[in-house]
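This report concerns only the one structure given below.
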């Protein structure tokens with residue numbers, strides 16, 4: 001009887017992932033609204049994340065919003081309409097960096113959105129405030145910047161390694177600075193609920209290419225969670241195949257560089273512990289045959305037997 005009541009409540013709330021997926025070992029549900037990097041404006045980085053038993057989502061990046069919601073509704077993940085899901089189920093945005101393929105959906109849907117927070121590092125907020133939410137570029141829907149301010153969005157200035165609550169959700173977040181090209185900050189978000197966590201990385205280069213140790217420092221921070229089996233998934237980009245010259249990576253990863261970084265992480269955790277963590281490949285800048293080529297490269301370079309996941313727009317993931 002309790003199972004039937006729980007399933008009915010899920011349906012009434014608008015989220016219709018089957019009860020069979022809502023098992024106790026799952027800590028998070030993720031709905032990709034966009035999974036690509038670069039050129040396809042209908043499918044750019046954006047991931048709705050909530051605890052497995054909740055419909056209060058945070059959106060990690062926001063390259064695509066409306067089309068992703070339409071696909072999710074078509075796949076019966078929400079009852080819709082899209083504008084109601086946007087207003088009621090997305091409680092805020094975690095913006096890793098301010099490149100357009102990570103914020104375009106947020107900007108374009110702002111007129112129909114409800115009041116909520118935008119969580120980002122100060123350097124990211126500065127771009128949103130000075131370049132996008134202005135009256136020359138769009139309109140200032142935020143609480144800072146050019147007047148008049150419409151105060152729909154409230155900027156929350158994150159501080160590295162400082163945990164805060166995500167308003168309207170049952171989750172918390174800790175940000176870490178990443179390097180996405182020379183002197184350009186991106187962000188990794190460690191999202192937690194109770195004793196479980198999920199790590200979402202925005203665009204990032206490898207330490208050996210970026211000439212710094214940002215990923216090394218991140219791996220040291222999250223390694224204890226992997227050892228304790230508390231980190232359920234790592235969302236990390238692989239934009240280009242190994243054919244891409246290192247001089248033209250522009251702060252991105254290839255399969256070779258990804259596995260080099262994950263090998264460093266495995267030395268802190270042990271391979272067996274890391275094998276329990278889902279590694280979700282994001283931000284592929286490849287289509288058709290090139291996408292198949294990149295996926296095959298990832299599989300071939302996965303000599304540690306890691307659990308690689310290739311997300312699809314509008315299809316739910318459980319961790």
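The values are calculated or read from the model by the stated rules, or taken from the named source; none is laboratory data. Treat the numbers as computed from the prediction; the structure is a model and nothing was measured. Note that we place each Cβ from the backbone using ideal geometry, even for glycine, and neighbour counts take in every protein chain shown.
The set of residues in the stretch 180-234 that are within 17 Å of residue 272 (Cα to Cα), outside any strand (DSSP E or B) and in contact with a strand residue (DSSP E or B) (Cβ under 7 Å, 6 or more places away or on another chain) comprises 222, 225, 230.
To keep it simple, each residue is scored yes or no on (1) assigned to a helix (DSSP H, G or I); (2) surrounded by fewer than 15 Cβ atoms within 10 Å (Cβ to Cβ); (3) touching a helix residue (DSSP H, G or I) at 6+ places or on another chain (Cβ under 7 Å).
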site	(1), (2), (3)
272	yes, yes, no
281	no, no, yes
292	yes, yes, no
295	yes, no, no
298	yes, no, yes
305	no, yes, no
308	no, no, yes
311	no, no, no
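Restricting attention to the stretch 224-263, the residues that are buried (at least 18 other Cβ atoms within 10 Å of the Cβ), closer than 16 Å to residue 296 by Cβ and touching a helix residue (DSSP H, G or I) at 6+ places or on another chain (Cβ under 7 Å) add up to 4. Does residue 286 satisfy the criteria of being outside any strand (DSSP E or B), more than 20 Å from residue 232 (Cα to Cα), touching a residue at least 24 places away in the same chain (Cβ under 8 Å) and out of contact with any strand residue (DSSP E or B) (no Cβ under 8 Å at 6 or more places or on another chain)? It is true that residue 286 is outside any strand (DSSP E or B), more than 20 Å from residue 232 (Cα to Cα), touching a residue at least 24 places away in the same chain (Cβ under 8 Å) and out of contact with any strand residue (DSSP E or B) (no Cβ under 8 Å at 6 or more places or on another chain). When residues in the stretch 130-160 are screened for being crowded, with 19+ Cβ neighbours inside 10 Å and part of a helix (DSSP H, G or I), 1 of them pass. Among the residues of the stretch 198-211, the one identified as within 27 Å of residue 63 (Cα to Cα) and without any contact (Cβ under 8 Å) to a residue 40 or more places away in the chain is 199.
Taken residue by residue, the stretch 98-109 has at least one member that is surrounded by fewer than 16 Cβ atoms within 10 Å (Cβ to Cβ) and under 18 Å from the mean Cα position of the chain (by Cα). The residues listed here are 152, 167; of these, the one that is within 16 Å of residue 189 (Cα to Cα), modelled with pLDDT of 95 or more and more than 16 Å from the chain's Cα centre (by Cα) is 167. If we scan the stretch 161-179, do we find a residue that is surrounded by fewer than 20 Cβ atoms within 10 Å (Cβ to Cβ), in contact (Cβ under 8 Å) with a residue 24 or more places away in the chain and closer than 28 Å to residue 244 by Cβ? Scanning the stretch 161-179, I find at least one residue that is surrounded by fewer than 20 Cβ atoms within 10 Å (Cβ to Cβ), in contact (Cβ under 8 Å) with a residue 24 or more places away in the chain and closer than 28 Å to residue 244 by Cβ, so the answer is yes. Checking the stated criteria, residue 30 turns out to be closer than 26 Å to residue 276 by Cα and crowded, with 19+ Cβ neighbours inside 10 Å.
Quick check on this structure: which one of 167, 163 is farther than 20 Å from residue 46 by Cα and out of contact with any helix residue (DSSP H, G or I) (no Cβ under 6 Å at 6 or more places or on another chain)?
Just one listed residue meets the conditions, 163.
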